[in-house]
Amino acid sequence: MGAAFRLNAIIVGMTQSRALPDLTGQTLGTVTLLQKIGEGSMGVVYRAFQNTLSRPVAVKVVFRNKLNKLFTPERFRQEAEVVANLLHSNIITIFEFGEQPDFMYFVMQLVDGISLSQWLKQKKKHPLPRKRLPSLDDMIHLADQVLEVLSFAHKEGVVHRDIKPENLLWIERNRKVMVADFGLAAVYHTIYDEEKAFILGSPLYVSPEQARGEAVDGRADLFSFGCVLLELTLGFLPVKVERPERIFQTRAKESPDMFTGMAHDHSPAVPRIWSEFIARSLQAKREQRFTGAEQMLAQLRNLAPGLRALEAAGALEPPVFPPPYNGPTLPGANFPGRPAGTVPPGQPKKPGETGPGPSTGPAFTGS
Ligand SMILES: Nc1ncnc2c1ncn2[C@@H]1O[C@H](COP(=O)(O)OP(=O)(O)OP(=O)(O)O)[C@@H](O)[C@H]1O
Ligand SMILES: [Mg+2]
């Protein structure tokens, strides 16, 4: 964590984040918890062993005191039921739901992979000057699978509501992506309540309509997935780092500075068609996004051969991490240190533009 708050899964305001009890070694119903895998805003995920079927599983423990009061355990169970019936080879299967006095838990398929946030971190560890990002080919492959899943789930009437790198697990050996926590955010992710100054959710990936607390449809997932693709493409999400509630407010108001630019604005090495593809899913008004996951998938498949050919021909610069958050690029966006509408360092000037032009500043030396 490091910082005083964690941006991608956060509870602030009235709800205080406290250390969650360690349940390692405990047996819950048919499973014994062996080792903590990770921790989110609501609870802890463990590697576990299901004694009845002698198989490794994952168990997500959700503490009752972390639940939004609007959502009763009964509602939680109902939601789990819906998700358990969402059977797809790229969705983590839920095997069982159980309750204890202080917490509830799900037994689910154990994925032998890493989350996209861990994946990106690993990529960033590559030594300079080649700090490699995921290849376009990997991103296309990943996006194809995620959009298939979203298209399937949306048809079943289930919106994920919390698509973010932590909820997308990547299995490198077969380049498969598994989607976690489907629909669960509906139960515990209330977004921003100004009166109570209560935030629960993932401000970096939240869609404007979710930030306003409106009813959502599948296009909210497209927005969040657009954020993920933008982050994978650049190595960082081009938003100003500020207090999470500010990010919620910026999103809710559909402010033009929701992002400090699109992929191509920050890195000329990114093919423009890829940048535009992502940008369309990130439109503040959902009517201006793709009509649904199916349309976005069709467009991806249209673009894929051209993008892959560009990459295979070596036409693209190997992606290297630029310095993150290095300035605004949206017309009219005004941030300290850079005049409105100027291009960031390293970006060639277009005729008539008054931007600073190619960077003469120091090379990026770390993430
Ligand atoms: N079925 C699973 N198999 C393997 N690892 C998993 C599984 N489910 C979750 N994880 C890992 O456990 C970590 C914690 O997951 P968890 O859902 O509790 O938190 P989160 O996704 O970071 O945040 P949030 O609570 O907001 O959903 C994830 O980042 C993921 O890497
Ligand atoms: Mg999760």
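Just so you know, all these numbers are worked out from the coordinates, no wet-lab data involved. It should be emphasised that the depicted structure is a prediction, and the values quoted were computed from it without experimental measurement. Glycine gets a Cβ as well: all are built from the backbone with ideal geometry, and neighbour counts include every protein chain shown.
General observations
- Taking other C-beta atoms within 10 Å as the exposure proxy, V146, V45 rank V45, V146 from fewest upward.
- Sorted by Cβ neighbour density within 10 Å, fewest at the top, the residues D265, D217, D162: D217, D265, D162
- Annotation: extensible slack from Q288 through R77 equals 72.5 nm (criterion: 0.36 nm per residue apart, minus Cα-Cα distance).
- Extension gain (nm, one decimal) between R173 and D217, 0.36 nm per residue minus Cα-Cα: 12.5 nm
- Between D102 and E156, the contour length at 0.36 nm per residue exceeds the alpha carbon distance by 16.3 nm.
- Backbone HN-Hα couplings from phi across segment 135-151 [Karplus 6.51/-1.76/1.60, Hz, Gly and Pro as x]: 5, 4, 4, 4, 5, 5, 4, 5, 5, 4, 5, 5, 5, 4, 4, 5, 4
- Sorted ascending by nearby beta carbons within 10 Å, beginning with the fewest, S89, S115, S224 become S89, S115, S224.
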